[in-house]
Amino acid sequence: MLRLEKRPQPSKVWIYASPLLAVVITILLGGVLFWLLGKDPVAATRMIFWDPIFGDFAAFYLPELLIKAAPLILIAIGLSFGFQAGIWNIGAEGQYIIGAICAAGVALAFYPLDARWLIFPLMIVAGIAGGVVWALIPALLRVYFKTNEILVSLMLVYVAEVLINAFSVGLLRNPDGMGFPGSRSLKQYPAAHNGDLFPNLGSFGSGIHWGVITAIFAVIVAYVFLTRHRFGFNVRLAGQSPRAAAFSGVNPNRLVILCMVLSGGLAGIAGMFEVAGPSGQILGSFPAYYGFTAIIVAFLGRLHPIGVMLAGLLMALTYIGGDAALQPLQLPSASIQVFQGMLLFSLLSVDVLTNYRVRVTAGKVVA
Amino acid sequence: MSNLLLQLNGLTKAYPGVVANKNVTFDIRKGEVHALLGENGAGKSTLVKTIYGLVHPDSGTMTLEDAPYRPADPRAARNSGVAMVFQHFSLFDALNVAENIALGMENPPSQRDLAAKISEVSELYGLPLDPARIVGDLSAGERQRVEIIRCLLQDPKLLIMDEPTSVLTPQEVDILFETLNKLRSEGTAILYISHKLEEIRTLCDHATILRLGEVVGTCVPAETLARDMAELMVGGTLHVPERAAPHAGDVVLSLKGLNARAPSEFGTALRNINLDVRRGEVLGIGGVAGNGQDELLLALSGEMPTAAGMVSFHGQDISQMRPNARRALGLLAAPEERMGHAAAPDMTLIENGFLTGDTRMGLSKNGFLQRAKTRAFAEKVIQAFDVRTPGPDNAARSLSGGNLQKFVIGREILQDPEVLIVNQPTWGVDAAAAASIRQALLDLAAKGSAVICISQDLDELMEVSDRFAALNGGALSDPRPAQGLTVDEIGLMLGGAHDMEVAHVEA
């Protein structure tokens with residue numbers, strides 16, 4: 001008989017080991033899934049997890065990996081603070097979209113002015129501001145009217161999706177676009193373009209754009225604040241024991257606003273870098289669900305900055321590897337999402353080992 | 001048939017790292033009140049859980065009325081005639097009395113029959129209780145009656161009561177004792193768990209004393225000195241806190257017409273509290289749980305701001321200051337609930353030291369934690385208050401209740417407060433640790449600080465207080481000098497038996 005026994009304190013080993021175990025379980029389950037679909041499980045797993053990094057076309061895939069990972073990490077870093085404090089911003093996707101709209105709007109307002117020193121920083125400010133405003137709506141509603149931030153932030157995602165569609169056929173539509181929806185491409189506007197900073201590094205570029213630099217910077221700053229600063233302490237305290245936090249002098253309303261502003265701002269800046277670079281234009285197809293995937297990234301990374309960075313890279317790998325495997329293996333495109341879902345699911349189940357010890361006992365019945 | 005009801009023979013139960021019961025052997029006779037005495041952690045709970053079928057012993061046997069008794073679960077125990085009233089009630093606030101009782105029954109009768117039965121039993125045993133009342137509105141004493149009646153409906157042969165008087169006023173204790181005496185005269189045996197020695201001396205026929213899981217003595221309480229029983233319990237001589245002569249100074253903290261709404265649905269509103277607290281005094285505040293103790297502490301610590309002018313410190317209005325601003329002035333507090341309020345269970349002791357020590361001890365600079373300083377502060381608390389832990393890196397939840405309590409109280413005392421408010425400072429703490437905590441509070445007052453000690457333990461309050469006041473329904477009585485107060489006077493200050501006496505006399 002298996003029995004769970006509560007540990008006196010959370011296991012230090014399992015805090016770090018459980019995400020790794022979850023990845024292994026997911027790969028095994030994925031193998032079973034491919035096998036059921038009639039594919040060779042070993043080849044499929046290899047194609048998704050191995051080839052993009054070590055295969056023949058790594059030079060093409062590695063820059064892609066950074067491009068995908070940067071927004072995931074940026075958003076997830078912001079979310080991880082709120083999640084630790086029990087503040088559930090589920091609407092990062094919306095804040096990401098609004099950040100992109102604001103940044104692109106600023107850039108296009110100056111078009112075709114050639115003043116990168118002014119326009120690019122202004123776009124960053126606008127992207128952050130857009131994300132912050134969108135996150136402040138659920139934050140203020142929670143503080144003043146006790147609404148549920150999960151619902152409000154989530155619903156604002158749909159509002160943001162409608163807005164980006166409206167902008168792409170309305171206010172921001174490319175005047176030279178023959179009536180097709182979508183804004184001017186920022187890739188063709190040097191003052192606003194967030195391009196590869198080291199295009200000559202590999203045969204397909206380095207993949208390092210300003211968003212990647214910002215993401216690395218965010219990881220470091222988040223690490224310092226979470227472990228060494230009163231703000232990080234308050235965040236952890238409020239999540240673990242709200243009453244102890246109140247006793248310690250944490251103002252819960254201020255914490256809600258700070259955490260929402262932080263996650264909204266980072267989602268907004270991620271949207272800015274995306275629209276100015278890899279994506280390039282405001283279009284109905286701009287949303288790529290980074291804001292939702294970042295929730296998985298945050299949890300997979302244990303809500304810890306370093307973990308979030310690793311998890312972001314791993315999640316980007318499932319995107320890239322999944323895309324690469326779709327064609328040759330003729331997988332249904334939903335299988336990648338199934339994969340990502342399984343990852344979160346197995347992590348949450350393995351998590352039980354952090355707080356509980358599994359004991360095998362002889363099954364006996366006491367009369 | 002013999003006179004013996006339950007025989008325990010060599011019961012042993014070990015948990016990882018600790019032997020809770022070691023070869024426990026004693027008998028309970030029919031129609032006796034048998035006391036089980038011991039400090040926290042002596043193994044009383046494990047033993048009664050074994051009898052009630054919640055814990056299965058590693059070795060040893062039990063015999064109930066000459067037949068082997070091995071209950072697989074509490075249901076089996078109840079079927080054999082063993083009932084238990086727990087220290088913490090398992091009642092649903094939103095349901096009425098009869099519904100709560102029906103929930104615990106296997107084949108509940110119709111609500112009407114049950115209500116009639118409840119009224120009948122409650123009158124028979126002098127425990128007035130209206131079956132239709134909502135449990136959320138009942139006082140702690142009345143809730144306990146619900147639990148007792150729930151047990152009595154099963155006609156138990158053995159009734160186990162775990163610390164039944166900890167939530168009662170002295171008058172309510174008298175009512176309970178009459179009920180227990182009546183049960184005894186009908187032949188029901190009662191296993192009575194307590195560490196209150198005077199109670200046991202008045203009520204119990206026999207006592208078995210446990211220490212560290214072993215039976216260390218048995219006695220007839222009425223013929224044994226309380227002091228001797230205490231020494232058996234503790235296993236040494238008991239250190240009684242010493243106090244210097246009271247020397248009250250200037251008023252430090254002053255409450256004027258303090259009113260506050262209840263912060264939660266089943267909380268208590270504070271009603272027009274007026275109080276002056278002076279340097280160098282210990283003010284004891286008694287009261288039955290749930291009469292505004294938590295709320296008073298929240299209003300003083302700053303977690304629950306009040307209207308302007310209600311709380312002042314050295315004449316300065318601090319009613320709306322937040323906790324850290326109050327700490328900076330020298331007003332510190334230690335709440336009742338250790339896990340999750342006074343301390344964060346999953347954080348280390350270092351972090352828990354930072355939790356309140358940041359402001360006064362300067363543990364951060366520009367918001368950044370000073371690691372060495374914070375660790376040194378936690379280590380100082382651990383050393384000065386003899387907190388038993390492998391080190392400050394351990395999580396608070398790995399500490400025993402008493403050790404964490406010493407840490408929590410020590411953390412505030414070492415910050416050199418001008419006013420310290422403590423709520424239930426020795427709840428669930430063993431006698432030796434309790435004595436050292438009380439001594440620390442007295443020492444603090446002797447150095448010129450003011451101490452407000454909120455407690456439900458009247459013995460404790462009499463031991464430390466210079467003045468005594470009582471909370472009842474959110475209102476505070478006028479403080480009176482503690483010297484010379486009688487138990488009856490204190491009982492009346494606590495609100496008597498919550499208006500239930502009259503009904504009792506009629507019954």
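The values are calculated or read from the model by the stated rules, or taken from the named source; none is laboratory data. Quantities reported herein were computed from a predicted structural model and do not represent experimental measurements. Every residue, glycine as well, gets a Cβ built from its backbone with ideal geometry; the counts of neighbours run over all protein chains shown.
A count restricted to the range B:322-341 and to residues that are basic (Lys, Arg) and at the interface with chain A (Cβ under 8 Å from one of its Cβ atoms) stands at 2. Taken over the range B:354-379, the residue count meeting the criterion of being surrounded by fewer than 19 Cβ atoms within 10 Å (Cβ to Cβ), over 22 Å from B:LEU329 (Cβ atoms) and of a type in the set (Lys, Arg) is 1. The combined condition, being away from chain B (no Cβ under 12 Å), crowded, with 21+ Cβ neighbours inside 10 Å and closer than 23 Å to A:TYR61 by Cα, is fulfilled by A:GLY280.
Of everything in the range B:65-112 that is surrounded by fewer than 14 Cβ atoms within 10 Å (Cβ to Cβ) and among the aliphatic types (A, V, I, L, M), the residue that is nearest to the chain's Cα centre (by Cα) is B:ALA94. Confirm whether B:PRO109 is part of a loop (DSSP other than H, G, I, E, B) and free of Cβ contacts under 8 Å to residues at least 12 places away in the same chain. Yes. Residues of the range A:296-309 that are surrounded by 19 or more Cβ atoms within 10 Å (Cβ to Cβ) and part of a helix (DSSP H, G or I): A:ILE296, A:VAL297, A:ALA298, A:PHE299, A:LEU300, A:PRO305, A:GLY307, A:VAL308, A:MET309. Scan the range B:29-44 for residues that are within 24 Å of B:VAL216 (Cβ to Cβ) and surrounded by fewer than 21 Cβ atoms within 10 Å (Cβ to Cβ) and report the count. Total meeting the criteria: 4.
Would you call A:LEU262 of a type in the set (A, V, I, L, M, F, W, C), surrounded by 22 or more Cβ atoms within 10 Å (Cβ to Cβ), modelled with pLDDT of 95 or more and within 26 Å of A:LEU343 (Cβ to Cβ)?
Yes, satisfied.
Scanning the range B:266-288 for residues that are in contact (Cβ under 8 Å) with a residue 40 or more places away in the chain and of a type in the set (Asp, Glu) returns a single hit, B:GLU281.
Here A:PHE247, A:PHE233, A:PHE225, A:PHE273 are screened, and the one residue that is away from chain B (no Cβ under 14 Å) and not acidic (Asp, Glu) is A:PHE273.
Every listed requirement among (1) part of a loop (DSSP other than H, G, I, E, B); (2) over 26 Å from the mean Cα position of the chain (by Cα); (3) more than 30 Å from A:ARG230 (Cα to Cα) is met by B:ASN291 save one, (2). One residue alone among A:LEU262, A:LEU313 is more than 19 Å from A:ILE97 (Cβ to Cβ), away from chain B (no Cβ under 14 Å) and in a helix (DSSP H, G or I), and that residue is A:LEU313. When A:LEU33, A:LEU29 are checked against the criterion of being closer than 21 Å to A:VAL297 by Cβ and outside any loop (DSSP other than H, G, I, E, B), a single residue qualifies: A:LEU29. Criterion applied to A:GLY239, A:GLY179 was being touching a residue at least 60 places away in the same chain (Cβ under 8 Å) and either in contact with a Phe, Trp or Tyr (Cβ under 9 Å, 6 or more places away or on another chain) or in a loop (DSSP other than H, G, I, E, B) (or both), and the one residue passing it is A:GLY239. Among the listed residues B:ARG75, B:ARG70, B:ARG150, B:ARG143, which satisfies the condition of being within 14 Å of chain A (Cβ to nearest Cβ), over 18 Å from B:HIS34 (Cα atoms) and either at pLDDT below 85 or in a helix (DSSP H, G or I) (or both)? One residue alone meets the criteria, B:ARG75. Kindly establish whether B:GLN456 is within 14 Å of chain A (Cβ to nearest Cβ) and either without any contact (Cβ under 8 Å) to a residue 60 or more places away in the chain or at negative phi (or both). Taking the combined requirement at face value, the residue does not satisfy it. The test for being farther than 18 Å from B:VAL408 by Cα, among the acidic types (Asp, Glu), more than 11 Å from every other protein chain (Cβ to nearest Cβ) and out of contact with any Phe, Trp or Tyr (no Cβ under 8 Å at 6 or more places or on another chain) holds for B:GLU295. Looking only at residues of the range B:153-168 that are part of a helix (DSSP H, G or I) and in contact with a strand residue (DSSP E or B) (Cβ under 8 Å, 6 or more places away or on another chain), we find that the one that is modelled with the lowest pLDDT is B:THR165. If you filter the range A:339-350 down to residues that are surrounded by fewer than 19 Cβ atoms within 10 Å (Cβ to Cβ) and touching a helix residue (DSSP H, G or I) at 6+ places or on another chain (Cβ under 7 Å), you find that the one that is nearest to B:ASP346 (Cα to Cα) is A:LEU344. Right, B:ALA308: hydrophobic (A, V, I, L, M, F, W, C), touching a Gly at 6+ places or on another chain (Cβ under 9 Å) and surrounded by fewer than 18 Cβ atoms within 10 Å (Cβ to Cβ) or not? So B:ALA308 does not fit the description; no.
Within the range B:305-321, the set of residues being within 14 Å of chain A (Cβ to nearest Cβ) and under 28 Å from B:TRP427 (Cα atoms) comprises B:PRO305 only. For the range B:86-103, name all the residues that are farther than 16 Å from B:LEU159 by Cβ and assigned to a loop (DSSP other than H, G, I, E, B). Correct list: B:HIS88, B:SER90, B:LEU91, B:PHE92, B:ASP93, B:ALA94, B:LEU95. Of all residues in the range A:151-170, those that are within 12 Å of A:PRO138 (Cβ to Cβ) have Cβ atoms under 6 Å from Cβ atoms of residues that are of a type in the set (Val, Ile, Thr), 6 or more apart or on another chain, in A:SER153/A:ILE90; A:LEU154/A:ILE90. For the range B:342-353, a residue qualifies if it is crowded, with 24+ Cβ neighbours inside 10 Å, within 9 Å of another protein chain (Cβ to nearest Cβ) and in a helix (DSSP H, G or I), and exactly one does: B:ASN352. Residues being under 24 Å from the mean Cα position of the chain (by Cα) and at negative phi are represented in the range B:349-356 by at least one member.
Could you say which residue among A:ALA294, A:ALA298 is more than 18 Å from A:ALA103 (Cβ to Cβ), away from every other protein chain (no Cβ under 13 Å), among the hydrophobic types (A, V, I, L, M, F, W, C) and in contact with a Ser or Thr (Cβ under 8 Å, 6 or more places away or on another chain)?
None of the other options fit; the residue is A:ALA298.
Is it the case, given these coordinates, that B:GLY302 is more than 18 Å from B:PRO425 (Cβ to Cβ) and either of a type outside the set (S, T, N, Q) or touching a Lys or Arg at 6+ places or on another chain (Cβ under 9 Å) (or both)? Answer is yes for this residue. Please indicate, with yes or no, whether at least one residue in the range B:236-244 is in contact with a helix residue (DSSP H, G or I) (Cβ under 7 Å, 6 or more places away or on another chain), of a type in the set (Gly, Ala, Ser), surrounded by fewer than 16 Cβ atoms within 10 Å (Cβ to Cβ) and modelled with pLDDT of 80 or more. There is no residue in the range B:236-244 that is in contact with a helix residue (DSSP H, G or I) (Cβ under 7 Å, 6 or more places away or on another chain), of a type in the set (Gly, Ala, Ser), surrounded by fewer than 16 Cβ atoms within 10 Å (Cβ to Cβ) and modelled with pLDDT of 80 or more. How many of the residues making up the range B:372-430 are in a loop (DSSP other than H, G, I, E, B), aliphatic (A, V, I, L, M) and within 14 Å of chain A (Cβ to nearest Cβ)? Of the residues in that region, 1 qualify.
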